[in-house]
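Undergrad: Before I ask anything, here is the structure I am working with.
The values are calculated or read from the model by the stated rules, or taken from the named source; none is laboratory data. Owing to the predicted nature of the structure, the values given are computational and were not obtained by experimental measurement. Reconstructed Cβ throughout: ideal geometry from the backbone, glycine too, with neighbour counts over all protein chains shown. Note: areas computed on protein heavy atoms with side chains; ligands, DNA, RNA excluded. Shrake-Rupley method; radii C 1.70, N 1.55, O 1.52, S 1.80 Å.
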Amino acid sequence: MTLQTERLERELNCSYQAEPLDDSFLSIIKGQLAKTEKDPEHYLWHSFWLLLRASDRVVVGSADFKDVPNKDGEVEIGYGLGDGFRHHGYMTEAVQTMSVRHVIAETETDNLASQRILQRCGFTEQSRGETIWWKL
């Protein structure tokens with residue numbers, strides 16, 4: 001367990017079991033923090049939201065808006081779950097609650113589980129290349 005994870009658990013009185021807080025994920029979080037510091041008025045659009053299971057205070061995953069909505073009202077979302085929490089509906093519920101006028105998401109072409117989440121939430125495929133772009 002990393003020092004960041006221990007501190008998070010202590011401060012939030014939770015058990016963090018979501019995706020690992022490794023260098024790659026921390027880099028993404030730091031990027032969102034930099035956006036928040038430059039644009040504090042829109043901090044909600046730059047925040048990471050931890051998915052906390054109410055029954056036992058386990059953090060199962062996280063989700064975020066990647067930036068403020070564009071001129072068409074579209075906003076990209078990102079999300080991830082800890083390995084042991086996939087296929088239980090947690091992310092489907094989270095994505096449904098994040099819905100705004102238009103939401104876009106990107107998936108890897110081989111990430112069928114993430115694609116099924118988006119399909120269950122009513123997203124439609126918009127384009128396919130190295131990745132797949134979706135829109136709700």
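Undergrad: Does D110 satisfy being among the acidic types (D, E), within 25 Å of Y16 (Cβ to Cβ) and out of contact with any helix residue (DSSP H, G or I) (no Cβ under 9 Å at 6 or more places or on another chain)? I'd like the intermediate steps shown before the answer.
TA: Details: among the acidic types (D, E): yes; within 25 Å of Y16 (Cβ to Cβ): no; out of contact with any helix residue (DSSP H, G or I) (no Cβ under 9 Å at 6 or more places or on another chain): yes.
When the stated conditions are applied, D110 does not pass them.
Undergrad: Here is a follow-up. Name the single residue that is nearest to the chain's Cα centre (by Cα) among those in region 110-131 being more than 22 Å from K71 (Cα to Cα) and in a strand (DSSP E or B).
TA: T131
Undergrad: So Q4 fits all but one of (1) open to solvent by 80 Å² or more (accessible area, probe 1.4 Å); (2) within 23 Å of T107 (Cβ to Cβ); what number is the exception?
TA: (2)
Undergrad: K66: buried (at least 16 other Cβ atoms within 10 Å of the Cβ) and charged (D, E, K, R), yes or no? Give the derivation first.
TA: On the way: buried (at least 16 other Cβ atoms within 10 Å of the Cβ): yes; charged (D, E, K, R): yes.
Considered against the rule, which asks whether it is buried (at least 16 other Cβ atoms within 10 Å of the Cβ) and charged (D, E, K, R), K66 comes out as yes.
Undergrad: Would you point out the residue of region 28-59, among those that are exposed (fewer than 10 other Cβ atoms within 10 Å of the Cβ) and small (G, A, S), that is nearest to R101 (Cα to Cα)?
TA: For region 28-59, the residue satisfying everything is A54.
Undergrad: Report whether or not T107 is open to solvent by less than 60 Å² (accessible area, probe 1.4 Å), over 24 Å from S27 (Cβ atoms) and either in a loop (DSSP other than H, G, I, E, B) or touching a residue at least 24 places away in the same chain (Cβ under 8 Å) (or both). Break it down into steps so the answer makes sense when it comes.
TA: Working: open to solvent by less than 60 Å² (accessible area, probe 1.4 Å): yes; over 24 Å from S27 (Cβ atoms): no; either in a loop (DSSP other than H, G, I, E, B) or touching a residue at least 24 places away in the same chain (Cβ under 8 Å) (or both): yes.
Taking the combined requirement at face value, the residue does not satisfy it.
Undergrad: Still on this model: For residues that are out of contact with any Phe, Trp or Tyr (no Cβ under 8 Å at 6 or more places or on another chain) and charged (D, E, K, R), scanning just region 110-136, find the one that is most open to solvent (accessible area, probe 1.4 Å).
TA: So the residue we want is E130.
Undergrad: Going by what's in this entry, would K71 be described as without any contact (Cβ under 8 Å) to a residue 12 or more places away in the chain, of a type in the set (D, E, K, R), farther than 24 Å from L118 by Cβ and loosely packed, with under 11 Cβ neighbours inside 10 Å? I'd like the intermediate steps shown before the answer.
TA: Values: without any contact (Cβ under 8 Å) to a residue 12 or more places away in the chain: yes; of a type in the set (D, E, K, R): yes; farther than 24 Å from L118 by Cβ: no; loosely packed, with under 11 Cβ neighbours inside 10 Å: yes.
Considered against the rule, which asks whether it is without any contact (Cβ under 8 Å) to a residue 12 or more places away in the chain, of a type in the set (D, E, K, R), farther than 24 Å from L118 by Cβ and loosely packed, with under 11 Cβ neighbours inside 10 Å, K71 comes out as no.
Undergrad: Next up: Working only within region 7-27, note down all residues that are loosely packed, with under 13 Cβ neighbours inside 10 Å and either under 17 Å from the mean Cα position of the chain (by Cα) or modelled with pLDDT under 95 (or both). Please lay out each step first, then the result.
TA: Residues of region 7-27 that are loosely packed, with under 13 Cβ neighbours inside 10 Å, as a first pass: 7, 10-11, 13, 22-24, 27.
If the condition is that a residue be loosely packed, with under 13 Cβ neighbours inside 10 Å and either under 17 Å from the mean Cα position of the chain (by Cα) or modelled with pLDDT under 95 (or both), then R7, D22, D23, S24, S27 are the ones that fit.
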